[in-house]
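The values are calculated or read from the model by the stated rules, or taken from the named source; none is laboratory data. For clarity, every value in this text was computed on a predicted model and none was experimentally measured. Note that each Cβ is placed from the backbone with ideal geometry, even for glycine, and that neighbours are counted across all protein chains shown. Note: accessible area is taken over every heavy atom of the protein model, side chains too, but ligands, DNA and RNA are not part of it. Shrake-Rupley method; radii C 1.70, N 1.55, O 1.52, S 1.80 Å.
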Amino acid sequence: MFLPTTNKELNALGWTQLDVILFSGDAYVDHPSFGTAVIARILEAEGLKVAVVPQPNWRDDLRDFKKLGKPRLFFGVSAGCMDSMVNRYTANKRLRSDDAYTPEGRAGYRPDRATHVYCQILKDIYPDTPIIIGGIEASLRRFTHYDYWDDCIHPSILSDSKADLLITGMGEKPLQTLVRRLLNGESFDSIKDIPQTAYLSDPQDIEIELASHEVCLKSKKSQAENFKIFEEQSNLYCQTSRIGQRIGDKMVIANPSYPHLTTEELDSIYDLPYTRLPHPRYKGKTIPAYEMIKYSVTIHRGCFGGCSFCTISAHQGKFISSRSEQSILKEVEKITQDANFKGYVSDLGGPSANMYNIHGKDITICQKCKRPSCLHPHICNNLQTNHERLINLYRKASKIDGIKKICIGSGIRYDLATIDYLEEVVKHHVSGRLKVAPEHTNEAVLNLMRKPSFKFFETFDKEFERINKESGLRQQLIPYFISSHPGCTAEQMAELASKTKRMHFQLEQVQDFTPTPMTLSTEMYYTGLNPYTLEKVYTAKTLALKLEQRSFFFWYKPEERAAIIRKLKQMNRNDLIQALYGNK
Ligand code: SF4
């Protein structure tokens with residue numbers, strides 16, 4: 001049922017040699033929300049013998065790396081569902097005490113920069129066996145990028161990890177193609193043309209050449225310009241150009257991506273025989289990330305929101321691939337057969353809950369489009385925003401025997417949502433609290449974040465209240481906000497406090513901006529420039545400035561009050577003192 005993780009399990013299957021061994025920074029959970037499980041099932045479906053080594057110990061005699069021997073085709077390495085540095089450190093660079101992707105949520109089961117560490121160990125032991133890297137950590141470090149934890153720019157992960165090939169984005173299709181060609185007798189080293197792969201090569205003539213790593217080390221402007229080129233290319237409907245970047249006497253070459261997956265292709269991935277369970281080696285232990293998603297179903301991939309701080313469109317693509325209704329409903333039925341299932345599906349969603357089956361009206365216009373977002377600065381006229389199929393899907397899933405409620409846990413794009421969709425969700429699919437992400441209240445900051453105007457949130461809040469009232473419900477709206485995003489000042493945070501107070505929110509879901517590799521926000525943070533305009537952008541970077549911004553979220557806490565009043569006096573904003581604390 002599960003793919004083997006030990007020699008004992010290998011022997012029980014009667015296997016003597018493996019074709020592929022996958023190493024992952026996460027625990028092995030055979031659920032389609034976990035990338036390693038998906039890749040393992042894809043390779044298995046190609047007829048390969050595959051094993052998974054989850055969270056190998058990199059500090060002992062390295063037995064986890066040696067125990068299954070050498071695979072016939074290649075090693076696959078991934079840091080896991082998250083970048084290992086984001087997983088291990090807080091926004092203030094403090095080591096986290098927990099890890100949601102590890103049994104019992106324990107920290108310390110993966111190294112910093114897990115992709116590098118695993119690759120280097122494997123290359124030392126098996127220098128002749130190819131290594132393919134993939135997953136979010138590898139994919140978003142494909143070119144020179146800013147690394148927040150070292151506070152400097154790093155070269156492509158291909159140049160210092162010793163990996164032979166990098167699969168960018170969602171890896172199923174490039175891996176299938178690669179495996180089929182290897183099984184047809186082509187040698188690993190000769191395969192350089194598969195879409196969505198990147199590799200290190202001797203310099204060559206290339207369609208798009210970025211400023212070299214060495215130039216970027218000296219010039220923040222070049223780094224910013226590189227990002228714009230990279231993002232525009234990533235967002236094209238049909239990518240045709242290879243992108244190259246020199247580093248020393250070598251060149252990183254990234255092939256263009258495959259077009260977004262068709263419904264049939266996406267269905268075939270989610271219809272694979274996942275057990276939807278953690279591997280039995282974790283018996284009796286709880287994996288927090290699994291507990292959160294075990295009864296959730298992914299209905300689509302991709303996001304056309306293009307939020308500046310988000311990696312989804314760079315990783316999954318801007319265009320939406322949606323599963324068929326039949327495939328989704330089959331998965332919901334499968335969930336109802338779980339003996340522990342109590343009737344509540346925690347999510348039918350994707351990167352944004354309500355982008356299912358949404359696409360351009362005239363695809364020929366999309367094919368020429370370079371916009372990084374279909375929603376910002378305004379909703380594109382060519383976007384078809386009908387939510388009918390999604391509403392029908394929720395209704396059909398709700399009628400399946402054994403289902404008490406289908407909840408929507410993914411974030412809703414309220415600027416895109418239609419009234420009939422909101423009515424459906426608020427009346428039938430909220431489990432008490434609905435999370436949404438306005439992220440800020442200031443229009444200039446929202447613009448840099450590529451988020452909609454705060455007016456949309458104010459309208460949404462009113463509609464949410466109205467629908468609740470009319471339906472006799474008392475559900476709560478939970479808005480998410482970010483402080484210290486590039487372009488945000490302490491004064492704008494004070495205004496955020498006053499605006500959200502006026503709307504009767506006491507904020508809890510808040511975070512400091514964390515610059516993760518290869519997002520627009522990160523490039524603004526590092527370069528101090530907006531890559532699209534090359535205008536200067538201010539960012540609060542020191543711990544003191546970041547804490548100051550954060551403190552405004554908690555204006556209502558008695559311990560914050562004196563300092564906030566002092567700061568507002570310094571800003572000459574007695575109006576905000578009045579707004580937050582009245583005459584008291
Ligand atoms: S034309 Fe409009 S809908 Fe199509 S990709 Fe561009 S912004 Fe999106």
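Brief remarks on what is shown
- Candidates Phe505, Phe481 - the one that is part of a loop (DSSP other than H, G, I, E, B) and of a type in the set (Phe, Trp, Tyr): Phe505
Table: residues versus (1) buried (at least 20 other Cβ atoms within 10 Å of the Cβ); (2) among the aromatic types (Phe, Trp, Tyr); (3) touching a residue at least 24 places away in the same chain (Cβ under 8 Å).
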residue	(1), (2), (3)
Glu443	no, no, no
Leu446	yes, no, no
His485	yes, no, yes
Glu491	no, no, yes
Ala497	yes, no, yes
Lys501	no, no, yes
Gln506	no, no, yes
Asp512	no, no, yes
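- Among the residues of segment 369-418, the ones that are open to solvent by 30 Å² or more (accessible area, probe 1.4 Å), more than 16 Å from Ile358 (Cα to Cα) and not in a loop (DSSP other than H, G, I, E, B) come to 4 in all.
- Qualifying residues in segment 225-270 (those that are part of a loop (DSSP other than H, G, I, E, B) and among the polar types (S, T, N, Q)) - the one surrounded by the fewest Cβ atoms within 10 Å (Cβ to Cβ): Thr240
- Any chance Ile335 is without any contact (Cβ under 8 Å) to a residue 60 or more places away in the chain and aliphatic (A, V, I, L, M): yes
- Failed criterion for Phe2 (all others in (1) outside any strand (DSSP E or B); (2) in the same structural domain as Gln176 (by TED's automatic domain parsing) hold): (2)
- One residue stands out in segment 302-348 among those that are within 16 Å of the ligand (Cβ to nearest atom) and not in a loop (DSSP other than H, G, I, E, B): the one that is farthest from the chain's Cα centre (by Cα), namely Ser322.
- Segment 71-88: number of residues that are under 19 Å from Gly171 (Cβ atoms) and surrounded by fewer than 20 Cβ atoms within 10 Å (Cβ to Cβ): 0
- Test: Leu210 is at pLDDT 95 or above, open to solvent by less than 20 Å² (accessible area, probe 1.4 Å) and under 29 Å from Arg59 (Cα atoms): no
- Residue in segment 424-433 that is under 19 Å from Lys499 (Cβ atoms) and either touching a residue at least 12 places away in the same chain (Cβ under 8 Å) or buried (at least 17 other Cβ atoms within 10 Å of the Cβ) (or both) present: no
- Where a residue in segment 307-322 is basic (Lys, Arg) and its partner, wherever it lies, is within 15 Å of the ligand (Cβ to nearest atom) and part of a loop (DSSP other than H, G, I, E, B), with Cβ under 6 Å and at least six apart: Lys318/Asn235; Lys318/Phe304
- Of residues in segment 89-113 being more than 18 Å from the chain's Cα centre (by Cα) and among the aliphatic types (A, V, I, L, M), the one least open to solvent (accessible area, probe 1.4 Å): Ala107
- For segment 373-388, the tally of residues that are within 25 Å of the chain's Cα centre (by Cα) and more than 9 Å from the ligand (Cβ to nearest atom) stands at 5.
- Selection of segment 397-446 for residues being touching a Cys at 6+ places or on another chain (Cβ under 6 Å) and within 17 Å of Val510 (Cα to Cα) yields only Val445.
- Among all positions in segment 542-558, there is no residue which is on the phi > 0 side of the Ramachandran plot and without any contact (Cβ under 8 Å) to a residue 12 or more places away in the chain.
- Within segment 531-584, the set of residues being surrounded by fewer than 19 Cβ atoms within 10 Å (Cβ to Cβ), aromatic (Phe, Trp, Tyr) and over 19 Å from Ser521 (Cβ atoms) comprises Phe554, Tyr556, Tyr581.
- Residue within segment 350-367 that is near the ligand (Cβ under 10 Å from one of its atoms), touching a Ser or Thr at 6+ places or on another chain (Cβ under 7 Å) and assigned to a loop (DSSP other than H, G, I, E, B) present: yes
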